[in-house]
Amino acid sequence: MKAAVIVFPGSNCDRDAAVTLEAVTGVKPAMVWHGDEALPKVDLIVLPGGFSYGDYLRSGAMAAQSPIVRAVKAEAERGVAVLGICNGFQILTETGLLPGALMRNSGLNFICRDVDLTVERADTAFTNAYTQGERVTIPIAHKDGSYFADDETLDRIEGEGQVVFRYATAGGGSGNPNGSRRDIAGLIDRSGRIMGLMPHPERAADAALGGIDGRRLFESLTRTLN
Amino acid sequence: MKARITVTLKNGVLDPQGRAIANALHSLGFGGVEDVRQGKLIEVELKATDETSAKTELDAMCRQLLANPVIENYRVELL
Amino acid sequence: MKARITVTLKNGVLDPQGRAIANALHSLGFGGVEDVRQGKLIEVELKATDETSAKTELDAMCRQLLANPVIENYRVELL
Amino acid sequence: MPATDTSVIATEELAAAHRMGAEEFRLACEKLGRAPNLTELGIISVMWSEHCSYKSSRVWLKKLPTTGPHVICGPGENAGVIDIGDGQAIIFKMESHNHPSFIEPYQGAATGVGGIMRDVFTMGARPIALLNALRFGEPDHSKTRHLVAGVVAGIGDYGNCMGVPTVGGETNFDARYNGNILVNAMCVGLADANRIFYSAAAGAGNPVVYVGSKTGRDGIHGATMASAEFDDNSQEQRPTVQVGDPFAEKLLLEACLELMAEDAILAIQDMGAAGLTSSSVEMAAKGGSGIELNLDLVPQREEGMTAYEMMLSESQERMLMVLRPGSEPLAERIFRKWELDFAVIGTTTDTGHLVLRHKGALVADLPTGILADEAPMYNRPIAPKPVPAVVAAEDVPAPNSLGDALTALIGSPHLASRRWIWEQYDHMVMDDTVVRPGSDAAVVRIHGTNKAVALTTDVTPRYCYADPFEGGKQAVAETWRNITAAGGKPLAITDCMNFGNPERPEIMAEFARAIEGMGEACRALEYPVVSGNVSLYNETNGEGILPTPAIGGVGLIADVSRVATVALKPGDDVVVLIGA
Ligand SMILES: Nc1ncnc2c1ncn2[C@@H]1O[C@H](COP(=O)(O)OP(=O)(O)O)[C@@H](O)[C@H]1O
């Protein structure tokens, strides 16, 4: 699987994503500078975490309007898989590639900690190495991660099975950290090719750092896209 | 020409910032505060001199960038 | 009674938000934008019915919590 | 300030307005052979302020051990540098941003983090970890809540946006900090040992280059403010504090590291407090050269700025560099790529003078020696207060109930969990945080290797108040123990000396004795001081803070799989108590 990681001037999890991709796939991903005109031919595009253009207006708002993201959209339309992590998820909602919006955490503060997630869909290109209903632990690190969509939209995306990860609130789960509606932590689009999530799977892919539950997300992609 | 754009959360969208401000005001003793909503104020200085074209331009800015229609409303005033 | 409070950065205080918005608007093709300053909008719903006491109270809120006079100015309007 | 700031010749009154005493003003005129003009006075007063000159502390700081087999660069540069083997170096320093954080907690703390990061990446290191040592007033003091929330959010937002993990620190509360909080930030960076960048601008005819954000009228007088006591009026004075722009700093970091990979930079210095003044003077003075600047070329954010304002501005996210002649186009291309300002604003000279031109006029001409090495230095009187007798353990009544005592301890603000704080910091970004906050020392892996560094900050101010010598010694030893407990070999420390008014002999004595205690511990442990910072005049209405020599320690872990953490592990572990 060949992947590209988009590097905005304020990205800061681009290296983390690249390291994990290389560790899992054995192939160094292409690092694509936001000012570049075109994307190389790849199977997967990763929009990494960070603060794309400083995120001053709304997280991801300015990146959503950038030329490189227009190119990403075009690739996505051609069927290339797109994974948005944290800021990448914010960008995907701002572009409209994924529904809803990510708002300020309900507690207002930035939160960095491990959270428990329930895998809602284990039949997607991004999650087929997990099992349905499984509980996994992956860190979050964000200030604007409270997922919002109106009831009608929520019903629709639930109905269409677009919710892939939920914060685990029941049975000793660590709970909903940010006030996301319906505990939504990660979403996939209708085509099944575009996914965004607030937790950072690339931070849970190396046993030395305390957990490897995120690794299987990249393994799923490798399996599907190879 | 100067314009003032205000971006506010739509009704029904939870506003944790506004709520936190209301709580803080209460604990400072401002018991008369019933509700607080926080929004953004964006002041734009424009080259344009024609009101109608300025309005159209400002409106386009809001739709494309300054407000997120999923959660926000906006209002444009020329000063 | 409803009030609208706007909090803006004092002149000369760096406004990275405003600058970033201006840059983004330029790259979206809004070349006519000369300057952008970002501020906060705080809408307060008050029990008070008397204008003067409401103003005094709102002013106190601004000084004590809503604005930091080191870097910000504020303006109170009753609606 | 009047636009005609060069035609105004300084007087004793003007000097006093710059917080410069009559004695020092006379000395300045004598050394200069004339009275300075207003711009020159501004420059002299800033360079001679406590903050820049260390005039009260220098005689004592000299007593600290600063060398060792693994020390590459000790105090005197932007940060200290130690060797961690395999051609790699760790560059680190701690710095205070106390006064600005009291006035505007969010921005004050944020710009403190920005400043310390610039100190580290100026020397060629990529920052890999941040820590912060915080002291606030009593938990129920009316200001404390607001200050804690603002400071923590400011530190978090800046470090989080930069993508550098904030992995540790300490937080204390005490009434003695009610009017003077302490915000000390530490940054640790990683560099190639053979690619360290220094600030000495030797040689004439080299281009002096300004990069980063534009200059505005931010925090003019900040450096002198940071050396002055507060009184009840200072809150009314409303000095301008700087606003930070972490995104601009992230760009500056990446651009600097990109240029540092080329053979273009001869010297580089960040513009911290006293921005253009201290950076240009220090570069020239260290290099034994001179510097001539054309202020018309300085990128400016506001209109009509005077030479005085430009030289004293504390706008953030700026650097001054001296480039190898001919490399300007390469450097410019890199800084433009990162959408930063870039301007050649002058050249180095062989005159030993700082010469400034603005709008065609010569606006300042000062020998750099006067501003740097020849700045006043004081051996202030000290009057140690008697050290209280040691309390015998037998004399302390045993608690009625051990359970209640434990609950009281756990519930006290001094020992309560700090999780609320560190969760607001991205402590995992860069994917190398092996031991997260909450343990004795944080452990950060050296990227791509099996090595790691163990990092901690410690001091117990009430010990230092009771006995500054023992307290200073203890603070050093505690960092050593915390690093050791994580499995690391302690290598070196940085310090942040926060004290009250040094003109009071009992305060000066606290400072002096703390230094002596620290020195003794450092020598006994072969654990040198490689960088540090002094913050004096932490007083309000004559009441000083507790003496607070915060120590930041760095240790090396050769094999990251062998770290130890505080958590009890499941199983039949045996608990052993060791030590004296
Ligand atoms: N301001 C802070 N920022 C980050 N971490 C902090 C801060 N204050 C405390 N911590 C973390 O909380 C833990 C407990 O702190 P402290 O009580 O000072 O520990 P100790 O007494 O064991 O040195 C440590 O891991 C420390 O790094």
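Read the figures in this text as sums done on the coordinates, not as results from a lab. Bear in mind that the values here come from a model prediction, so they are computed numbers and not experimental data. Every residue, glycine as well, gets a Cβ built from its backbone with ideal geometry; the counts of neighbours run over all protein chains shown.
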> With a 10 Å Cβ neighbour count serving as the proxy for reagent exposure, in which order, fewest first, do D:Ile493, A:Ile6, D:Ile268 appear?
Replying inline: D:Ile268, A:Ile6, D:Ile493
> Where does segment D:446-580 land on Rg/Rh, using Cα atoms and the Kirkwood Rh?
Replying inline: 1.07
> Which order results if A:Tyr56, D:Tyr158, D:Tyr54 are arranged by neighbouring Cβ count within 10 Å, fewest first?
Replying inline: D:Tyr54, A:Tyr56, D:Tyr158
> Projected onto the charge dipole of segment C:2-78 (+1 at Lys/Arg Cβ, -1 at Asp/Glu Cβ, origin at the Cα centre), which of C:Thr56, C:Ala3, C:Leu66 gives the Cα projection farthest towards the positive end?
Replying inline: C:Leu66
> Karplus couplings for segment D:262-269 from phi (6.51 cos²θ - 1.76 cosθ + 1.60, θ = phi - 60°), rounded to Hz, Gly and Pro as x?
Replying inline: 9, 9, 10, 9, 8, 7, 8, 8
> How big is the gap, in Å, between the Cα center of segment D:399-423 and the Cα center of segment C:1-63?
Replying inline: 42
> Residue by residue, what Karplus-based ³J(HN,Hα) values in Hz, rounded to whole numbers, does segment D:508-523 have, using 6.51, -1.76 and 1.60 with θ = phi - 60° and x for Gly and Pro?
Replying inline: 4, 5, 4, 4, 4, 5, 4, 4, 4, x, 4, x, 4, 5, 4, 5
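Dipole magnitude of the protein assembly as shown about its Cα centre, charges +1 at Lys/Arg Cβ and -1 at Asp/Glu Cβ only, in debye to the nearest 20? Write out the running numbers ahead of the final one.
Working: 88 positive and 122 negative charges, 234 e Å.
Roughly 1120 debye for the protein assembly as shown.
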> So how strong a dipole does segment B:2-78 carry about its Cα centre when Lys and Arg Cβ are +1 and Asp and Glu Cβ are -1, to the nearest 20 debye?
Replying inline: 140
> How large is ³J(HN,Hα) for each residue in segment D:445-460, as worked out from phi by the Karplus curve 6.51 cos²θ - 1.76 cosθ + 1.60 (θ = phi - 60°), to whole Hz, x for Gly and Pro?
Replying inline: 6, 7, 3, x, 10, 9, 8, 8, 10, 9, 10, 7, 10, 8, 5, 10
> Can you sort D:Trp60, D:Trp338, A:Trp33 by how many other beta carbons sit within 10 Å, fewest first?
Replying inline: A:Trp33, D:Trp338, D:Trp60
>> Run the Debye formula on the Cα coordinates of chain D, all scatterers equal and no solvent, and tell me log10 I(q)/I(0) at q = 0.07, 0.08 1/Å.
In response: -0.40, -0.52
> Over all distinct alpha-carbon pairs, what is the Kirkwood Rh of segment A:59-211 in angstrom?
Replying inline: 15.5
> Tell me, how many Å apart are the Cα centres for segment D:242-268 and for segment D:360-383?
Replying inline: 29
>> Amide H of D:Asp495 versus every other amide H placed in the peptide plane: which residues, excluding those fewer than 5 positions away on the same chain, fall under 5 Å?
In response: D:Met94, D:Ser531, D:Gly532, D:Asn533, D:Gly552
> Can you list the lysines whose alpha carbon sits under 25 Å from that of D:Lys55, skipping same-chain ones fewer than 8 residues off?
Replying inline: D:Lys31, D:Lys63, D:Lys93, D:Lys286, D:Lys385, D:Lys473
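State which entries of A:Lys143/C:Lys47; A:Lys143/B:Lys40; A:Lys2/A:Lys143; B:Lys2/D:Lys359; B:Lys40/C:Lys2 exceed 24 angstrom in Cα-Cα distance in the structure shown.
Violating the 24 Å limit, Cα to Cα: A:Lys143/C:Lys47; A:Lys2/A:Lys143; B:Lys2/D:Lys359.
Roughly how compact is the protein assembly as shown, stated as its Cα Rg over 2.2 N^0.38 Å to two decimals? List each step's numbers first, then the result.
Working: Rg = 28.1 Å, N = 964, 2.2 N^0.38 = 29.9 Å.
Relative to the rule-of-thumb radius for its length, the protein assembly as shown sits at 0.94.
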> Which residues' amide hydrogens lie under 5 Å from the amide hydrogen of D:Glu539, considering only partners 5 or more residues apart or on another chain, with H built in the peptide plane?
Replying inline: D:Phe230
> If contacts are Cα pairs under 8 angstrom and at least 6 residues apart, what is the relative contact order of segment C:2-78 in percent?
Replying inline: 50
> In Å, what Rg and Dmax follow from the Cα atoms of segment D:4-80?
Replying inline: 16.7, 54
> Given a cut-off of 22 Å, what percent of all Cα-Cα pairs of segment B:2-78 lie beyond it?
Replying inline: 39
> What dipole magnitude, in Debye to the nearest 20, does segment A:24-183 give about its Cα centre under +1 on Lys/Arg Cβ and -1 on Asp/Glu Cβ?
Replying inline: 360
> If amide H atoms are built 1.01 Å from N in the plane of the peptide, which residues on other chains or at least 5 residues away come under 5 Å of the amide H of D:Asp440?
Replying inline: D:Val566
